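This report concerns only the one structure given below.
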């Protein structure tokens, strides 16, 4: 019987890094399958341990007198740090773990044996979310129990099977969920590779199909008379024209922040620029954007100064408890719009005191970090603490925060390198922020 602990499981990782390469193809397929089974079993173990951790943390918080409404706060964040995931995703994974452990025993058992992945278990949990515990367990039994029909289905077919069973067992609940889902309609914008973005909308079936059909009809019409653009290009251009009310041939009108170094701005360097909310962009693309923007709108230039050795933005202090707009803007620029919690990556929503104001009485750039809403709340749970690193305090390194969780684990978060700064030789530059 193998001992199962953090230390023993860690010892299993090294042999996997030294897998033999001299195998037959049959052996390779067998190994791929075995490793896939191992991933499923590991996900099941993570789920069970996560549930036990949540129960233990809630009990400890209750013992400390923490309000009932806040029990469990910060638990998902600790799991996220351990799994190198954002706290938002960790919260979803913890929710899945609780469902598997308490309501879907057959699905959990199939994961334990390696026959079901964490993603496929997520599909089953998602499609049965509106059901009672009894009905959800029935779907679980039919698809993953003895003689179950779900294990050999594709992801799409598995979702359809769970959705059909849910509707058969409780049609009213499924219909109510569909009506409620319409209230969740929204539009999102996400960065895509090569200075592109994913623009998406969650719509009802009838609205989504109608929008797609209208764009497709527009594309078919212009392509029928010889338009050289592809159908996808015409549909994308038609979407912009109909929503923005302008033609794609019109001068570009932008309202965004573009951050460049002085060398890149004046054409002496090809260092990348930065668009808040998107990320790095090539210098040539930034110049093209500015050339277009200057034909349509006024451009403001604002200078940001950095430390000559570390590249850290020159700090500012405030006597106020809450960060004033100027300080909050500086922190957002320094942290490049993304939550400072390791592996989070959500947009900044709060300028947080690294060491709480009640203790430090300090509102400064050094004692501030940008956090998303979830991480900001998690940090206030009992047992969490944080402070700026000594190197940050004495100015010998970029802004670094050291955070300790209730279990005593410690994580370091270092601010991103400013534009024009290279870590390996400490080179920095004066940066210009261009707002067009």
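Can you name the residue in segment 383-406 that is in contact with a helix residue (DSSP H, G or I) (Cβ under 6 Å, 6 or more places away or on another chain) and touching a residue at least 60 places away in the same chain (Cβ under 8 Å) and is also surrounded by the most Cβ atoms within 10 Å (Cβ to Cβ) among such residues? Can you show your working first?
Quick first cut of segment 383-406, residues in contact with a helix residue (DSSP H, G or I) (Cβ under 6 Å, 6 or more places away or on another chain) only: 397, 399-400, 405.
Those still in the list that are touching a residue at least 60 places away in the same chain (Cβ under 8 Å) too: 397, 399, 405.
Working: 397: 18, 399: 26, 405: 21.
The qualifying residue surrounded by the most Cβ atoms within 10 Å (Cβ to Cβ) is 399.
Please work out if residue 108 is buried (at least 18 other Cβ atoms within 10 Å of the Cβ) and either assigned to a loop (DSSP other than H, G, I, E, B) or touching a residue at least 60 places away in the same chain (Cβ under 8 Å) (or both). Show your work before the answer.
Working: buried (at least 18 other Cβ atoms within 10 Å of the Cβ): yes; either assigned to a loop (DSSP other than H, G, I, E, B) or touching a residue at least 60 places away in the same chain (Cβ under 8 Å) (or both): yes.
Spelling it out, residue 108 is indeed buried (at least 18 other Cβ atoms within 10 Å of the Cβ) and either assigned to a loop (DSSP other than H, G, I, E, B) or touching a residue at least 60 places away in the same chain (Cβ under 8 Å) (or both).
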Count, please, the residues in segment 111-133 that happen to be touching a residue at least 60 places away in the same chain (Cβ under 8 Å) and within 20 Å of residue 147 (Cα to Cα). 8
Out of everything in segment 56-66 that is in a helix (DSSP H, G or I) and loosely packed, with under 14 Cβ neighbours inside 10 Å, what residue ends up being nearest to the chain's Cα centre (by Cα)? 56
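Out of the residues in segment 407-416 that are within 25 Å of residue 53 (Cα to Cα) and out of contact with any helix residue (DSSP H, G or I) (no Cβ under 6 Å at 6 or more places or on another chain), state the one that is surrounded by the fewest Cβ atoms within 10 Å (Cβ to Cβ).
Quick first cut of segment 407-416, residues within 25 Å of residue 53 (Cα to Cα) only: 407-413.
Filter again for out of contact with any helix residue (DSSP H, G or I) (no Cβ under 6 Å at 6 or more places or on another chain), leaving 407-410, 412-413.
On the way: 407: 12, 408: 7, 409: 11, 410: 11, 412: 10, 413: 20.
Step by step, filter segment 407-416, then rank; the result is 408.
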Look through 73, 103 and report the one residue that is under 21 Å from residue 344 (Cα atoms) and touching a helix residue (DSSP H, G or I) at 6+ places or on another chain (Cβ under 8 Å). 73
When segment 12-35 is checked residue by residue, the ones that are at pLDDT below 85 and surrounded by 10 or more Cβ atoms within 10 Å (Cβ to Cβ) are 12, 19
In segment 222-245, what residues are at pLDDT below 85 and either touching a strand residue (DSSP E or B) at 6+ places or on another chain (Cβ under 8 Å) or farther than 19 Å from residue 201 by Cβ (or both)? none
Only one of 69, 42 is exposed (fewer than 10 other Cβ atoms within 10 Å of the Cβ), under 22 Å from residue 92 (Cα atoms) and without any contact (Cβ under 8 Å) to a residue 60 or more places away in the chain, namely 69
Within the bounds of segment 209-219, is there any residue that is under 30 Å from residue 124 (Cβ atoms) and either in the same structural domain as residue 100 (by TED's automatic domain parsing) or not in a helix (DSSP H, G or I) (or both)? no
For residue 420, are the conditions met, namely being modelled with pLDDT under 85, at positive phi, exposed (fewer than 14 other Cβ atoms within 10 Å of the Cβ) and over 23 Å from the mean Cα position of the chain (by Cα)? no
What's the number of the only condition in (1) out of contact with any helix residue (DSSP H, G or I) (no Cβ under 9 Å at 6 or more places or on another chain); (2) farther than 25 Å from residue 332 by Cα; (3) at pLDDT 70 or above that residue 291 fails to meet? (3)
Is it the case that segment 183-197 has a residue that's under 30 Å from residue 112 (Cβ atoms) and either modelled with pLDDT of 85 or more or in contact with a helix residue (DSSP H, G or I) (Cβ under 7 Å, 6 or more places away or on another chain) (or both)? no
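Residues in segment 173-184: is at least one assigned to a helix (DSSP H, G or I), in contact with a strand residue (DSSP E or B) (Cβ under 7 Å, 6 or more places away or on another chain) and free of Cβ contacts under 8 Å to residues at least 40 places away in the same chain? Even if it seems obvious, please write down each step before you answer.
Taking segment 173-184 first, the residues assigned to a helix (DSSP H, G or I) are 173-184.
Add one more test, that the residue is in contact with a strand residue (DSSP E or B) (Cβ under 7 Å, 6 or more places away or on another chain), and what stays is 184.
Those still in the list that are free of Cβ contacts under 8 Å to residues at least 40 places away in the same chain too: 184.
The answer is yes, given that some residue of segment 173-184 is assigned to a helix (DSSP H, G or I), in contact with a strand residue (DSSP E or B) (Cβ under 7 Å, 6 or more places away or on another chain) and free of Cβ contacts under 8 Å to residues at least 40 places away in the same chain.
Of all residues in segment 275-286 being modelled with pLDDT of 70 or more and not in a loop (DSSP other than H, G, I, E, B), which is surrounded by the fewest Cβ atoms within 10 Å (Cβ to Cβ)? Give the derivation first.
Our first condition is that a residue be modelled with pLDDT of 70 or more; within segment 275-286, this holds for 275, 280-286.
Within this subset, residues satisfying the condition of being not in a loop (DSSP other than H, G, I, E, B) are 275, 280-281, 283-286.
Working: 275: 19, 280: 15, 281: 19, 283: 18, 284: 12, 285: 14, 286: 24.
My answer is 284.
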Check off (1) assigned to a helix (DSSP H, G or I); (2) out of contact with any helix residue (DSSP H, G or I) (no Cβ under 7 Å at 6 or more places or on another chain) for residue 139 and give me the number that stays unchecked. (2)
Under 15 Å from residue 382 (Cα atoms) and either in contact (Cβ under 8 Å) with a residue 60 or more places away in the chain or touching a strand residue (DSSP E or B) at 6+ places or on another chain (Cβ under 9 Å) (or both), is that true of residue 77? yes
Based on what the data block shows, is residue 80 outside any helix (DSSP H, G or I) and closer than 22 Å to residue 374 by Cα? no
Segment 322-405: strands (runs of 3 or more DSSP E) wholly inside it with 3 or more residues that are modelled with pLDDT of 85 or more, under 18 Å from residue 74 (Cβ atoms) and within 25 Å of the chain's Cα centre (by Cα) are 350-353, 385-388, 400-404
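The values are calculated or read from the model by the stated rules, or taken from the named source; none is laboratory data. The model shown is predicted, which means the values in this text are computed figures rather than measured ones. Virtual Cβ from ideal backbone geometry, glycine too; neighbours counted across all protein chains shown.
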